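Down below is the structure, laid out as structure tokens.
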Amino acid sequence: MFLTISTTGTPERPATDLGYLLHKHPEKAQTFSTSHGTAHVFYPEASAERCTAALLLEVDPVALVRRGKGRGGAPDAALAQYVNDRPYAASSLLSVAMTTVFKSALNGACRAMPERVGEPLPLRIEVPALPARGGAELVHKLFAPLGWTRVEAVAVPLDEQFPEWGDSRYVRLLLEGELRLADALRQLYVLLPVLDDAKHYWVAPDEVDKLLRAGEGWLAGHPEQKLITSRYLSRRWGLTRQAMERLELVRLAESDDLEVESVDNAVDETTDTEEKPVPLAEQRRAAVLEALRAAGAARVLDLGCGQGQLVQALLKDVRFTEIVGVDVSMRALTVAARRLKLDRMGERQAGRVTLRQGALTYTDKQLKGYDAAVLSEVIEHLDLPRLPALEYAVFGSARPRTVLVTTPNVEYNVRWETLPAGHVRHGDHRFEWTREEFRDWAGQVAGRHGYTVAFVPVGPEDPEVGPPTQMAVFTMTTAQETTKEAKAA
Ligand code: SAH
């Protein structure tokens, strides 16, 4: 099992600096004992212009079996346990060896050259035999989005003497690009076992933590995030789901700062039809409260509660006995807690309200059984392809009796004087819908999940373009869970 890492340099920045970054001296060959064999690190070349570090892992296949963790179970398992590809093919064994041999480099630590750790290097990585389930095509899909300028995966023939036998399931992997060494190593640490699609050890719950740590900076938002996560966690669905949810939080937290600030900086939605203008946000809250009261709701979810204005209004009315605010943004929730003075609240009041961090695109058992859920100005913050996931989490899984959804009516945008033509109202809006588009979506959602839907205009209704905000009021028609998805949940 073999992996080489090469870089190039100049007299001022010699390539041999790689030795410092890897914490392995170019002039020494070193040997380490790992859990399943012996790892050797040496430098086939080491000059100012070019430096290559090689990691060679000798695996003892018999020891692998004796530890009871070899691949077994198949009819020919008795032999396969002893005669297998594990000593030669890059796999999770190599990843584990990397954590032993290149621990500091993986963590991006370098005492000798702290300034170089954060800098991208010209890197060339070769793995001569990489089992790639999914072939060269998958190799490209995995590495190309990560900043490599050259990704090559060449199928290795089964036997060079007998080309007619065709290709093996192995590829020779070559990566070239300017990346930080730690990033490159972390990608390999995750993606080698992902491509091999088999782990030599039992996947424990802390693997999710390991994956998130190794995936920092590149996994959240990777187009193949789901495949990577599920294969890395050996297709253990519970763990995969957990990891996906946490990655979603990471991705959203990255836009968190922008989010909270811009909620306040969004277009000034004050309507000017009354003498003392009432901000549209306030009109929206009034409309929501009225609809909740009309529905007779007492236990209410505020999904995407933001900074807690609606939660605060709900608390003022004792008919709302239980109020749960959910948001993905920790910062928004912190502001909400401060607004509500949660820490100084009497026990009685405090018992009525809960704020929780969560992603609405994932089902959550704790959200089941409520009278009503409010999604006020939330759906337009999701990428359209994620909307079905939210739909399922709310209408298929949580299934409150009443669901209120408000969203901007894009037709009204021409009436905002401060809004340039063709712009959405808020920097983070992924879409804004016409009345017809909203009705279409809401009608389909209602149909799919056993709800009826009515539409309520919010704000002054313009004869041509309608109201600034549109609200859909969904009411469950059947007490039982009627939809196919709901049955499966
Ligand atoms: N409901 C409030 C806030 C609307 S702003 C109001 O009417 O004023 C949209 C809120 O949705 C933000 O606080 C944002 O953090 C939250 N949000 C966006 N996508 C989310 C998701 N996938 N899961 C949970 N919350 C989300």
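The values are calculated or read from the model by the stated rules, or taken from the named source; none is laboratory data. As the structure is a prediction and not an experimental result, all values here were calculated from the model. So basically every Cβ, Gly included, is an ideal-geometry build from the backbone, and we count neighbours across all protein chains shown. Each accessible area value is taken on the protein alone, full model and side chains, heavy atoms only, with ligands, DNA and RNA left out. Shrake-Rupley method; radii C 1.70, N 1.55, O 1.52, S 1.80 Å.
Go through the range 339-350 residue by residue and tally those that are more than 16 Å from the ligand (Cβ to nearest atom) and open to solvent by 60 Å² or more (accessible area, probe 1.4 Å).
Residues meeting the conditions: 6.
Tell me which residues, restricted to the range 31-50, are over 37 Å from the mean Cα position of the chain (by Cα) and either open to solvent by less than 50 Å² (accessible area, probe 1.4 Å) or among the charged types (D, E, K, R) (or both).
Across the range 31-50, the qualifying residues are 43, 45, 47, 48, 49, 50.
Quick check on my filter: what residues within the range 179-202 are assigned to a loop (DSSP other than H, G, I, E, B) and either surrounded by fewer than 18 Cβ atoms within 10 Å (Cβ to Cβ) or modelled with pLDDT of 90 or more (or both)?
180, 198, 201, 202
Would you pick out the residues in the range 92-121 that are open to solvent by 50 Å² or more (accessible area, probe 1.4 Å) and touching a strand residue (DSSP E or B) at 6+ places or on another chain (Cβ under 8 Å)?
The answer is 100, 120.
Which condition number does residue 336 fail, the rest of (1) more than 26 Å from residue 251 (Cβ to Cβ); (2) in contact (Cβ under 8 Å) with a residue 12 or more places away in the chain being met?
(1)
Residue 384 versus (1) touching a Lys or Arg at 6+ places or on another chain (Cβ under 8 Å); (2) surrounded by 16 or more Cβ atoms within 10 Å (Cβ to Cβ); (3) of a type in the set (A, V, I, L, M, F, W, C): which is the lone unmet condition?
(2)
All but one of (1) within 11 Å of the ligand (Cβ to nearest atom); (2) of a type outside the set (S, T, N, Q); (3) touching an Asp or Glu at 6+ places or on another chain (Cβ under 6 Å) hold for residue 336; state the number of the condition that does not hold.
Here residue 336 meets the rest and fails (3).
Within the group 364, 302, 327, which residue is within 30 Å of residue 238 (Cβ to Cβ), more than 9 Å from the ligand (Cβ to nearest atom) and not hydroxyl-bearing (Ser, Thr, Tyr)?
Checking each option against the conditions leaves just 364.
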